[in-house]
Amino acid sequence: MEMSELTALLTPDGLRLLDEVGTISRADEVTQAVSRLRAAGHSPDLVSAVVGQAHLRAKAAAKFGGFAERMLFTRAGLEQATRLGVAARHAGRMRRAGIERVADLGCGIGGDALAFAGAGLAVSAVDADEVTAAIAAYNLAPFGDDATVQHGTAETADLSGIDAVWLDPARRTAGHSETRRVTASDYSPSLDWAYALAERMPVGIKLGPAHDRDALPADAEAQWVSADGSVVELVLWSGALAREGVRRSALVIRGDESHEMTAGADAEDADVRELGAFLHEPDGAVIRARLIGDVARSLDAGMLDPKIAYLTGDAAVTSPFVQSFRVRAVTAANPKSINTVLRAHDVGTLEIKKRGMDVDPAAFRRKLHLRGAASATLILTRVGDRRMAILADRV
């Protein structure tokens, strides 16, 4: 969105038209809406803004639920925004630490700032992009003076009276439309600046979940977060926001429930053992946090292979930190052998998972004969040099 489009949208008539259009989910609906609004005599800037926002609101429902229907977005801002359920947990940590005033530096469209304000914190938000800052101001307007937004840089923000900082360094090129990822050395503000700030006051720094672990500050709490099966972020917590004795954390969120595993350091790996009656797949946050060994020991399980994140054991137990499967059969990982097993077990509906094998599950599925009445999960993996296929049922 360009400033001219935003200016056209932020009028009573523009916002009324956006509400009348509703959400637009499909590409053909975009084309139809543009034609209809242009024929009605609306300006090109207003039409572009209204249709663009209607389309983004439909996409934003996955992150913001019903709140998306009353928010504005940029394409880049929505892509990088924290899911509201995750942001609420950031706000909860701030409250538990006794924080009252927080600065959100690099606020984007205001996802985290909304959660902070909703939790009763006073928020001072800043973003370097003028259009994005204006949209954040619109989204935070219901909170009045308790949530302010400025157009500026993190490095020049006034932190007087601020108790803690939430910092989301820009990991893409500048802009609010088409952007590309940049390397850690080009983040804005720089990580050196962010880490120096974290030494002076309580700070939460949001990073990508694949960030280089060897480059993390030794004295920060590193928390990897997964939401509904996807690892969405790594947050470094410092000062009063970091918990005593915790340096590694895996927070697993599924729907409205959350479970957390913490440790003072990376967990020692579990021993390798032969495939047992059950196979367990650790959540991605557990893998990123390197707490697989602790999960394995809680399940009386071991590693199937020392380099692959599958656990196995004979105990009929599971955990919120893994997906568990009861093993039905094991065979060689080739279509002929697998088809024999599928026929023997009358399998016609198949979920395919893989780790440690360079296989395209969609292409591999086309080689299988799925004609039975039963359903199952096929796990393709390897132990050493042996490629194996495990037919299993979800627990």
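The values are calculated or read from the model by the stated rules, or taken from the named source; none is laboratory data. Quantities reported herein were computed from a predicted structural model and do not represent experimental measurements. As a convention, Cβ positions derive from the backbone with ideal geometry for all residues, glycine included, and neighbour counts pool all protein chains shown. Only protein heavy atoms, including side chains, enter the accessible area calculation; ligands, DNA and RNA are left aside. Shrake-Rupley method; radii C 1.70, N 1.55, O 1.52, S 1.80 Å.
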With θ taken as phi - 60° and the coefficients 6.51, -1.76 and 1.60, list the Karplus ³J(HN,Hα) couplings across segment 117-130 in order, rounded to whole Hz; mark glycine and proline as x.
5, x, 8, x, 8, 7, 10, 10, 9, 9, 9, 7, 9, 5
By how many degrees, between 0 and 90 and to the nearest 10, does the Cα long axis of helix 27-39 differ from the longest principal axis of the chain?
20 degrees
Heavy atoms only, probe 1.4 Å: what % of the accessible area of segment 1-124 goes to carbon and sulfur, would you let me know?
52 percent
Using Cα pairs closer than 8 Å and at least 6 residues apart in sequence, work out the relative contact order for the chain, in percent.
8 percent
Here are some pairs, LYS307/LYS336; LYS63/LYS206; LYS307/LYS354; which of them have Cα atoms lying more than 19 Å apart in this structure?
LYS307/LYS336
What does the extension gain come out to for ALA218 and ALA344, with contour length at 0.36 nm per residue minus their alpha carbon separation?
40.0 nm
In debye to the nearest 20, how big a dipole does segment 306-395 give about its Cα centre with +1 on each Lys and Arg Cβ and -1 on each Asp and Glu Cβ?
260 debye
To the nearest 0.05, the calculated FRET efficiency linking GLN32 and LEU275 through their beta-carbon distance, R0 being 51 Å, is 0.40
Centre separation in Å (Cα based) which lies between segment 85-129 and segment 256-280
32 Å
Answer in debye to the nearest 20: the dipole magnitude of segment 79-183 about its Cα centre, from +1 Lys/Arg and -1 Asp/Glu charges placed on Cβ, is 560 debye
With every protein chain in place, segment 311-388: carbon and sulfur % of accessible area (1.4 Å):
48 percent
Scalar couplings 3J(HN,Hα) for segment 259-265 by Karplus 6.51 cos²θ - 1.76 cosθ + 1.60 (θ = phi - 60°), nearest whole Hz, x for Gly and Pro, are 9, 9, 10, 10, 7, x, 6
Rounded, prolate or oblate: pick one for segment 79-171, where a ≥ b ≥ c are the square roots of the eigenvalues of its C-alpha gyration tensor, a/c under 1.5 means rounded, and failing that, prolate if a/b is larger than b/c, else oblate.
rounded
Using a Förster radius of 25 Å, what is the FRET efficiency between HIS259 and ARG95 based on their Cβ-Cβ separation? Nearest 0.05, please.
0.80
When the helix-only estimate is applied to the chain (DSSP H runs of n ≥ 4, each -39,500 (n - 2.57), divided by the residue count), what is the mean residue ellipticity at 222 nm, nearest 500 deg cm²/dmol?
-9500 deg cm²/dmol
Could you list the residues of segment 357-387 with an amide nitrogen less than 15 Å from a label point located 7 Å from the Cα of GLN323 in the Cα-to-C-beta direction?
361-362, 376-381
Rounded to the nearest 20 Debye, what is the dipole magnitude of the chain about its Cα centre when Lys and Arg each give +1 and Asp and Glu each give -1 at the C-beta?
1900 debye
Sort LYS59, LYS354 by accessible area with a 1.4 Å probe, largest first.
LYS59, LYS354
First check a/c for the chain, with a ≥ b ≥ c the square roots of the eigenvalues of its C-alpha gyration tensor; if it is under 1.5, answer rounded, and if not, answer prolate when a/b is larger than b/c or oblate otherwise.
oblate
Sequence neighbours fewer than 8 away in the same chain don't count; with that in mind, list the aspartates and glutamates whose C-alpha is under 15 Å from LYS353.
GLU281, ASP283, ASP393
Could you check what % of the DSSP bridge pairs in the chain are antiparallel, to the nearest 5?
60 percent
Using a 1.4 Å probe, how large is the accessible area of THR331, given in Å² and rounded to the nearest 10?
30 Å²
Segment 215-283 shape via C-alpha gyration tensor axes, a/c threshold 1.5:
oblate
Using Cα-Cα distances under 8 Å and only pairs 6 or more residues apart, what relative contact order does segment 262-304 have, in percent?
57 percent
Residue-normalised value, i.e. accessible area per residue, for the chain at 1.4 Å probe, in Å², stands at 47 Å²
So, taking all protein chains as they sit and a 1.4 Å probe, how much accessible area belongs to ARG89, in Å² rounded to tens?
70 Å²
